[in-house]
1. Which entry in [x] 10.8; [y] 7.3; [z] 4.9 matches mean projected area of the Cα convex hull in nm² derived from the coordinates of this structure?
2. Would you mind getting the accessible area per residue of the chain, heavy atoms of the protein chains only, 1.4 Å probe, in Å²?
3. Quick one: plug the Kirkwood hydrodynamic radius of segment 20-62 (C-alpha pairs) into Stokes-Einstein at 37 °C, 0.692 mPa s, and report D in µm²/s.
4. Share of the chain's accessible area from carbon and sulfur, percent, 1.4 Å?
Amino acid sequence: MWRQLLQYTDTAGRAMLGFGAVLLVVAVVSFVVGVAQAVSGHAAATLPYWLTTMGCAVVAGILVYLASRRGKLG
């Protein structure tokens, strides 16, 4: 699927996919840091990490969806 998206979409679609991939990496890193904070006993300080994780994942999903709509798949 990723190969088709990169192959059949335009430059703006590729930029959306690239930014979405960066956001997914940020989401994963934020999730891991939040888990580390919770395990170390600082559960009250994890809200910013969870909000960052969810926000980045949602925005990345929207960008991938929009890039797929721009592509000429099929």
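1. Answer by label: [z].
2. 68 Å²
3. In µm²/s, the coefficient is 323.
4. Ligands and nucleic acids excluded, carbon and sulfur reach 72 percent.
The values are calculated or read from the model by the stated rules, or taken from the named source; none is laboratory data. Everything quoted here is computed from the prediction, not taken from an experiment. Surface accessibility is based on the protein's heavy atoms, side chains included, excluding ligands, DNA and RNA. Shrake-Rupley method; radii C 1.70, N 1.55, O 1.52, S 1.80 Å.
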